[in-house]
Structure formats: structure tokens, C-alpha cells
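Down below is the structure, laid out as C-alpha cells.
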Amino acid sequence: MNTRNPHESGTRRFSPQELLWAGVLLAYSVLFGYLLVSGRIRDLVHPRFVPFTVMGALCLLLLSGAQIGSAVRRRQPRPPRSVLALFLLPFVAVPLFVASSSSILAGDANVSIASAFSSAAGVSGVASAAPIPATGPIVLNRENYYSVYTAIYDSPAAYTGRRVTVTGFVYKSPLVKGPSRFLTARELMWCCAVDVATIGFLSEYSGGTTPAADTWVTVSGTLATTTMTLPEANGPSTVPLLLVDTLRVMKSHDFTFVYPTF
């Protein structure tokens, strides 16, 4: 009596569906590999998540190899995998997400600028002790930016009269009154690109023409305070004001995002 499954044969059966599945897994591993090698992964996720991305790319590469073997192995044909469409959606959605996230960050200046002046107080205690020297100039860099920023916004009066140097891009808003005022801004990333927020120091430059919006600059000046009425506040709020006496336009910058210190 022949008990052989009629769907089986003595030769290897090629499965286009299984091979397509392998191609999807391989495409994801190549995409993650490109982001890692090019360094663009840091535009999408916090650096502490980069090792997990490396492990994920390797796992996807191994799975794609196993799936290629499955595609040519003798087996009973499987029904179509409609779930494949779910894995293909991100390749269509990512360009749309990048465009929409850029418009969200730049679209409502009032909301963004208000967050810039209030976010430090809103997350007080998250940053570690700020490495601010008791005397001398305060220089913000990649390592200390967020902790120094938080300390100054938590107690602006404590640092009045100190000299501060910071790099950022020029950010303007109707909330910032006067042609000589702007925000020396940075983009804060908590986890990934979707939660990026604009933060920075209100700056006042009377030594010449204020650079155009989005121009990268390094500014130095004396720290003072001023009051602003923010949309979500019940009354005027005291915020730091950097009285800039030195402004240098930057052709490039050493780091794009700043990250919270845990």
C-alpha cells in the first residue's frame, strides 16, 4: 500500500513564497547593516540602543540564510503567507514618516519653543549631577550638554554672570521678541527619532546681523535671565538668557543630537 503523501516527491521542490520570505529578512538585515556602517543609525535611535540593532541585524541575516535553505528543501507546499505584506509596509512607511516628522518638528514653532524653555524643569532629576565648575567659563559639548542644560534651567539665577559657550542651530519663533534674539537650539532624543524635541538657550546678539534660521553657530557670552510668557504657563516664567558677544558661523558641527543623561 502506498502511504506516500501525494504532495511530496523525490526531488527538491522550489518554493517561491519561502524564497520571498527569505528576501524580506535579508532586506531588513542589509538595511540595518547600511544604517550601522554609515553611522546614520544615530539619527534614528539613542546610542545605547545601537548594540541591540547590531544583534538584530545579525539575527535577521541568520534567519534569512535558514529561510533560503527552507525554500529549496523537499517539503509539502505551504499556503500563501499573507503576513508578508506587514513586513513590506515599513519600506513604504519610512519615507513618509521621515517627511511627516520633519514637518511636525518645524510646523508649530510656538509649541516647540515653549517645550524648549520648559522641558528642563519638566524632567528635573533625570540628568546626573552637572559637571559645571564652580568658577570659570561653562562650555557645553557632546558629553555634558544635557546635564549642564538641565542644571542651568533648574537654577538660572545661580549661574547669572557666568560665561557660556555653546554650539547649535539658529531657531526663531514669534515667541522670541526682537530681531536680535533667537534660540541656539539642539534636538534632544530620548529614545528614537519619533520623540525628538527642540531645546536650547535663548540668545541675544547685538554685534551684527543675526544669522538665518537653521544656520549652525557657536556662540559665547554672559548668562543672564529674562521673563517670558509661555503658552502653557499661568504667568511669566524666568528663563536663562545668553548675552552673546561672540558668534561664529559653523560650516559643519560635531554632533547633531543631544541625549539625556541617566
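Counting just the residues of region 181-219 that are crowded, with 20+ Cβ neighbours inside 10 Å and among the aromatic types (Phe, Trp, Tyr), which one comes out farthest from the chain's Cα centre (by Cα)?
Tyr205
Do we have Gly178 as among the small types (Gly, Ala, Ser), over 16 Å from Thr210 (Cβ atoms), over 18 Å from the mean Cα position of the chain (by Cα) and not in a strand (DSSP E or B) here?
no
Collect the residues in region 153-170 that are within 17 Å of Pro133 (Cβ to Cβ) and in a strand (DSSP E or B), keeping them in residue-number order.
Within region 153-170, Arg163, Val164, Thr165, Val166 qualify.
Each reported figure results from applying straightforward, stated rules to the coordinates on display, with no laboratory input. Nothing here was measured: the structure is a model prediction, and the numbers come from that model. Note: ideal-geometry Cβ built from the backbone for every residue, glycine included; neighbour counts use all protein chains shown.
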